[in-house]
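Chemist: What follows is a structure written as structure tokens; I'll ask about it next.
Each reported figure results from applying straightforward, stated rules to the coordinates on display, with no laboratory input. Computed from a predicted model, the values in this text were never measured in an experiment. For neighbour counting, all protein chains shown are included, and Cβ atoms are generated from backbone atoms with ideal geometry for every residue, glycine included.
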Amino acid sequence: MIASIHFEDDQKTIKVPINQSLIQICDEYPNSILFSCRNGVCGTCLIEVMSGMENLSPVMEEERILLDILAPENPHIRLACQCVVKDDVCIRVAS
Ligand code: FES
């Protein structure tokens, strides 16, 4: 199966096989999302999921802890380095 990912900042849509990590996808298709630790620790890769939150892998405990610190009031925020794409999503860099 194929998923469509729309990068709002870049106005770019790509199609990728499902169950790929977003970090792998971003390495293959450069875009505005920046990474540093690539391990869910630094918060550099914060993204806002405009649509398709249900199509990303669930938030695990360690990601939840960091999200609660960095964006406690926003349920649409994820760490891009912790997401696996399951179906269509639209994302942008969280500011
Ligand atoms: S790159 Fe550090 S949390 Fe994602």
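Chemist: Can you give the angle from 0 to 90° between the axis of helix 61-70 and the longest principal axis of the chain, with both taken from C-alpha atoms, to the nearest 10?
Modeler: 70
Chemist: For an R0 of 25 angstrom, estimate the FRET efficiency from the Cβ-Cβ distance between Ser36 and Thr13 and round to the nearest 0.05. Don't jump to the answer; show the numbers that get you there.
Modeler: Values: r = 26 Å, r/R0 = 1.02.
The formula returns an efficiency of 0.45 here.
Chemist: So what's the chain giving for Rg/Rh, alpha carbon basis, Kirkwood Rh from the mean inverse pair distance? Intermediate values should be presented prior to the final figure.
Modeler: Numbers: Rg = 12.0 Å, Rh = 13.0 Å.
Reported Rg/Rh, Kirkwood definition of Rh: 0.92.
Chemist: In debye to the nearest 20, how big a dipole does the chain give about its Cα centre with +1 on each Lys and Arg Cβ and -1 on each Asp and Glu Cβ?
Modeler: Numbers: 7 positive and 14 negative charges, 37 e Å.
My answer is approximately 180 debye.
Chemist: Separation between the Ile69 and Ile2 pseudo-spin-labels, each 7 Å from Cα along Cα→Cβ, expressed in nm?
Modeler: The answer from the label model is 4.1 nm.
Chemist: Rounded to the nearest 500, what is the chain's calculated 222 nm mean residue ellipticity when only DSSP H runs of at least 4 contribute -39500 (n - 2.57) each, over all residues?
Modeler: On the way: 2 runs with 17 residues, N = 95.
Helices in the chain give a 222 nm mean residue ellipticity of -5000 deg cm²/dmol.
Chemist: Considering the options Ile69, Ile91, Gln11, tell which one lies farthest towards the positive end of the dipole of the range 2-93, charges being +1 on Lys and Arg and -1 on Asp and Glu at the Cβ, about the Cα centre.
Modeler: So the residue we want is Gln11.
Chemist: If r is the Cβ-Cβ distance from Asp27 to His76 and R0 is 30 Å, what FRET efficiency results, to the nearest 0.05? Before the final figure, lay out the partial values.
Modeler: Values: r = 24 Å, r/R0 = 0.79.
In this case the efficiency is close to 0.80.
Chemist: Let me ask another. Add +1 for every Lys or Arg and -1 for every Asp or Glu among the other residues with Cβ under 14 Å from the Cβ of Val41, and state the total. Working shown, then result.
Modeler: On the way: positive: Arg38, Arg64; negative: Glu61, Glu62, Glu63.
For residues surrounding Val41, the net value is -1.
Chemist: Let me ask something additional. Would you list Leu66, Leu79, Leu22 from fewest to most Cβ contacts within 10 Å?
Modeler: Numbers: Leu66 17, Leu79 30, Leu22 25.
With the sparsest Cβ surroundings first, the list reads Leu66, Leu22, Leu79.
Chemist: Another question, then. What is the sum of charges around Glu54, taking Lys and Arg as +1, Asp and Glu as -1, for the other residues whose C-beta is under 11 Å from the C-beta of Glu54?
Modeler: Working: positive: Lys86; negative: Asp87, Asp88.
Surrounding charge for Glu54 is -1.
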